[in-house]
Amino acid sequence: MDQEDSFDIFIDGRAIKARKGQTIAEVLLSNSIETCRRTRKGQERGVYCGMGVCHECRMIVDKVPNVRTCMTYAQPGTELETQDDARIDLSYAKD
Amino acid sequence: MQRTDLIVIGGGPAGISAAVEAAKQGAFVSIIDENRNLGGKVLHNDEQGIAKLPAEPVEDKTKKELFAELKQVENQIDIYPESEVWDIDASDLKVTFSSRGRDGSQSINLQGKSIVIATGALERAIPFPGWEQPGVFSIGGLNSLVKRGVLPGKSFLVAGSGPLLLLLANNLLKAGAEVSAVVQTPSNFALFRNSWKLMRSFSFDKLLLGFKYLLKIRSKGIPVYNGYALAEVKTNGDKKEASVLKLDAEGKAINSSKKQIEIDNAAVSYGLMPNIILTRLCGCKHFYDRQRYYWRVDSDQNMQTSVSKIFAAGDGVAIKGYLASMVEGRIAGLQACAAMGHLDQNTADFRCRPLQGKMQKLSAVGLAMDKLSRTGENIFDLISDQTVICRCEEVTMSDIRRAVENGAKDIEDIKRQTRLGMGHCQGRFCGQVVNELLAKVSAENKEPQLFTPRIPAKPISFKDLGS
């Protein structure tokens, strides 16, 4: 990999390598990370359709919840959090 | 409010062809596409050089020609990349979309004089136990990843039906992955019969490509199970265990025939169907095509829908592949110009005639492809009570059964009682099978129904909504 074309992004505080032009989903799967979020019933979910339709690959991206990682490109320093749907729903309820 | 002549939604083979044809007649065209680069799934124009696998030479040639044509009329074409349409006002020809690709994230209103909808295909998904787990992909989903140099694991099971299975298996091998098995629901006999139909429609190129892929798969000693189904995927630590069952002549699974295969990842889907979200939002007439087993927009030979000045083209109308989609796109582009007054109707009709002749020949190919993907209703017997049907709202088969016991009569009743189809994806996947599942538990044979289309058709943030 060309040094200039790679950079770090962070998942739950841990640095992983991204290639320029990759979507966040592509970066995760290149780093053997399959789980993007946990459902309200606590089940793990990850990339399924890869084209923005199924919404299974949602994560908290730079503090914004429910971002489809397959449709969002990685930027140097992007901060990802594995999404916990139960907690997201509660935070909406508070607003 | 921004204004343009022709709005083309979807910048794949059909959309680009429509835009190019309209621009040549002097129209100003705006193309709205979800991705960073145009070209759609097959002819994706990878400007960033991410792709790792070389494309098929014939695809590469077509792509270069199409993008060269687009370049010639670039002054008349405005492209909105990374933009998703979430509302259309068909009477005012006004399209509203969220756009991330230019000038940051915002919502844009664009009014045109005509609209071409070319939003392509969705994959047909049939639920089975374990399909919701991370590491189980749709065929097209995994194929795009592999083409772009991403391999989520080492060993893969490719299952379902349709021509994309062999394509994905072939791409996985090219990328250096291990394919544990290819599992196809159609029997050898069904595959032979439909290949024969492809031959009779003079589509030797498609057949040859299929045989080339099959030979490569077979030469590596990879088992290809025809007349089998992937029945379950279980996760055991880092590995997954797939259960594969043989199907009898009626397509029912034979439980004693179980094969267990250890894999890292699986990819499953059962062919393609048109994405009709936006044509439905426009109020265009649709019908259930009993030969192809999916809903489609009603359009005439000019690609005109039932709504004035709204045209549809490509796989979004009926599955036909990129070559036929490009022909339809050109017809739609010419006819849209006639509708907008950029071209008189007689000239448009005259120029469309040879294209329509081509379409007649090519449409047989699409039909044969759909038949190659056909999987009988008995495949739904693989679904257990605990199987997740609506992935977003985590509605299981037993929830649907309970709703019917509590008096649910149609799919809207099921939606109200279980929340099936009310999650983030808005029923894009569970909506495909809810009719069949309802028929299974209620033992009544109803006409197939669709969920009412709702806005926003795609997600939009409150911040952008206010912009």
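Each value in this text was obtained by applying a stated rule to the coordinates, not by laboratory testing. Source: prediction; values computed, not measured. Here Cβ is always computed from backbone atoms with ideal geometry, including for glycine, and neighbour counts include all displayed protein chains.
Here are some notes:
- By the Cβ-Cβ criterion of under 4.7 Å, the unpaired cysteines of chain B are B:Cys282, B:Cys284, B:Cys337, B:Cys352, B:Cys392, B:Cys425.
- Residues whose amide H lies under 5 Å from that of B:Asp289, counting only those 5 or more places away or on a different chain, are B:Tyr294, B:Trp295, B:Arg296; hydrogens are built 1.01 Å from N in the peptide plane.
- Orientation-averaged projected area, Cα convex hull of the range B:210-312 (nm²): 10.9
- Residues B:Thr96, B:Thr305, B:Thr185, B:Thr347, arranged from fewest to most other Cβ atoms within 10 angstrom of their Cβ, appear as B:Thr347, B:Thr96, B:Thr305, B:Thr185.
- Rounded Å value of the spacing that divides the Cα centres of the range B:144-189 and the range B:409-467: 30
- Length-normalised contact order of the range B:1-56 in % [C-alpha pairs under 8 Å, at least 6 apart]: 35
- The ellipsoid equivalent to the alpha-carbon distribution of chain B has semi-axes of 36, 27, 22 angstrom, derived from the gyration tensor eigenvalues as √(5λ) and listed largest first.
- In the structure shown, the pairs B:Lys41/B:Lys206; B:Lys113/B:Lys320; B:Lys24/B:Lys285; B:Lys63/B:Lys147; B:Lys174/B:Lys216 are assessed against 19 Å; a Cα-Cα span above that value is assigned to B:Lys113/B:Lys320; B:Lys24/B:Lys285.
- Among B:100-112, B:37-49, the order from most to least packed when residues are scored by Cβ within 10 Å on average: B:37-49, B:100-112
- Percent of alpha-carbon pairs separated by more than 40 Å within the protein assembly as shown: 21
- Helix A:85-94 and the longest principal axis of the C-alpha atoms of chain A enclose an angle of approximately 60°.
- Chain B: relative contact order in percent, alpha carbon pairs under 8 Å with at least 6 residues between: 19
- Taking a ≥ b ≥ c as the square roots of the eigenvalues of the Cα gyration tensor, the range B:131-270 is oblate, since a/c reaches 1.5 or more and a/b is not larger than b/c.
- Over the range B:313-467 - Rg/Rh using Cα atoms and the Kirkwood inverse-distance radius: 1.12
- Gained length - B:Asp289 relative to B:Asn109, 0.36 nm times residue gap less alpha-carbon distance: 61.4 nm
- Cα-only radius of gyration and Dmax that characterise the range B:246-381, units Å: 19.4, 66
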